[in-house]
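In what follows, a single structure is set out as structure tokens and then discussed.
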Amino acid sequence: MSPGGMLTRERPDVAAVGLTGGIGAGKSTALRSFAESGALTLSADEVVHQLYLRADVRQALAERFGQCVSGPSGGVDRGRLADAVRGRPEQLAWLESLIHPLVGEEILRFIGEAPPGAVVVCEVPLLFEAGMDGLFDLVGHSGGRR
């Protein structure tokens with residue numbers, strides 16, 4: 001993170017593409033096509049799944065929402081977490097303030113580890129909402145109008 005908490009890219013030798021769109025817009029299909037064409041790809045949804053396995057993230061969620069968001073194996077139950085924030089804007093804002101910066105850091109790490117000249121395509125459903133559009137050289141919207 002740079003001063004002021006903003007995420008910044010330091011790899012001008014990598015072409016970074018952000019892919020966004022609504023549910024069912026074809027983002028996953030487009031991401032697979034990019035991968036088949038040789039691009040390095042990353043799904044923000046998969047990053048979030050991995051974040052929910054981290055002890056520090058699980059602890060923060062348990063402290064905020066209680067054990068009700070824990071699944072039987074001790075992991076995060078995404079359905080229960082969704083129930084805990086649904087219709088509660090302040091809770092959703094807190095969750096996003098925890099998760100979005102971590103996703104942004106992982107995107108930067110992924111771009112940073114790419115070989116020179118690589119094309120990196122990251123599927124980020126909430127790209128604009130999370131303020132991550134500045135991480136990319138190009139942003140594509142999958143399916144329909146934006």
**OP:** Work from the charge dipole of the range 1-98 (Cβ charges, +1 for Lys and Arg, -1 for Asp and Glu, about the Cα centre) and give the residue of PRO12, TYR52, PRO72 farthest towards its positive end.
**Re:** PRO72
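In Å, the Kirkwood hydrodynamic radius of the range 63-110 over pairs of distinct alpha carbons?
On the way: mean 1/r = 0.0849 Å⁻¹.
Answer for the range 63-110: a Kirkwood hydrodynamic radius of 11.8 Å.
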Subject >> At R0 = 30 Å, FRET efficiency that the Cβ-Cβ distance of ARG78 and ASP137 yields, to 0.05 >> reply: 0.45
Original post:
Can you tell me the accessible area per residue over the chain, all protein chains present, probe 1.4 angstrom, in square angstrom?
Top reply: 57
Subject >> Dipole of the chain, positive direction: furthest Cα of GLY24, LEU40, ILE111, with charges on the beta-carbon >> reply: GLY24
Subject >> With every protein chain in place, the range 1-99: carbon and sulfur % of accessible area (1.4 Å) >> reply: 54
Subject >> Virtual spin-label span in nm between GLU113 and ALA55, 7 Å along Cα→Cβ >> reply: 2.1
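With r as the distance between the Cβ atoms of LEU126 and GLU10 and R0 = 25 Å, compute the FRET efficiency 1/(1 + (r/R0)^6) and round to 0.05. All intermediate terms of the calculation are to be shown ahead of the outcome.
Working: r = 23 Å, r/R0 = 0.94.
My answer for the efficiency is 0.60.
Report the extension gain between TRP94 and THR29 in nm, rounded to one decimal, defined as 0.36 nm multiplied by the number of residues separating them, less their alpha carbon distance. Before the final figure, lay out the partial values.
Details: separation 65, 0.36 × 65 = 23.40 nm, distance 3.07 nm.
Fully extending the segment from TRP94 to THR29 adds 20.3 nm.
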Original post:
So how strong a dipole does the range 64-146 carry about its Cα centre when Lys and Arg Cβ are +1 and Asp and Glu Cβ are -1, to the nearest 20 debye?
Top reply: 340
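Hey, what number do you get for the chain at 222 nm if only DSSP H runs of n ≥ 4 count, each worth -39500 (n - 2.57), divided across all residues, to the nearest 500? Walk me through the numbers before you get to the answer.
Details: 5 runs with 61 residues, N = 146.
Calculated at 222 nm, the ellipticity per residue is -13000 deg cm²/dmol.
Is the shape of the range 28-73 rounded, prolate or oblate, going by the alpha carbon gyration tensor and its root eigenvalues a ≥ b ≥ c, with a/c under 1.5 for rounded and a/b larger than b/c for prolate?
Since a/c reaches 1.5 and a/b is larger than b/c, the shape of the range 28-73 is classed as prolate.
If R₀ is 25 angstrom, what is the calculated FRET efficiency for the pair GLN67 and GLU46, using the beta carbon separation as r and rounding to 0.05? List each step's numbers first, then the result.
Working: r = 25 Å, r/R0 = 1.02.
Step by step, r from the Cβ atoms, then E = 0.50.
Contact order normalised by length for the range 13-92, with contacts defined as Cα pairs under 8 Å and 6 or more residues apart; what percent is it? Before the final figure, lay out the partial values.
Working: 36 pairs, mean separation 10.5, N = 80.
Relative contact order of the range 13-92: 13 percent.
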Original post:
Where q = 0.11, 0.13 Å⁻¹, what log10 of I(q)/I(0) comes from the Debye formula for the range 1-113, counting one point per Cα?
Top reply: -0.46, -0.63
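Evaluate the charge dipole of the chain about its Cα centre and quote only its size in Debye, nearest 20, assuming +1 on the Cβ of each Lys and Arg and -1 on the Cβ of each Asp and Glu.
Working: 14 positive and 18 negative charges, 75 e Å.
Rounded to the nearest 20 debye, it is 360 debye.
The values are calculated or read from the model by the stated rules, or taken from the named source; none is laboratory data. Note that the coordinates shown come from a computational prediction; the quantities given were computed from them, not determined experimentally. When we count neighbours, we look across all protein chains shown, and the Cβ atoms used for this are built from the backbone with ideal geometry, even at glycine. Surface areas here come from the heavy atoms of the whole protein model, side chains and all, with no ligands, DNA or RNA. Shrake-Rupley method; radii C 1.70, N 1.55, O 1.52, S 1.80 Å.
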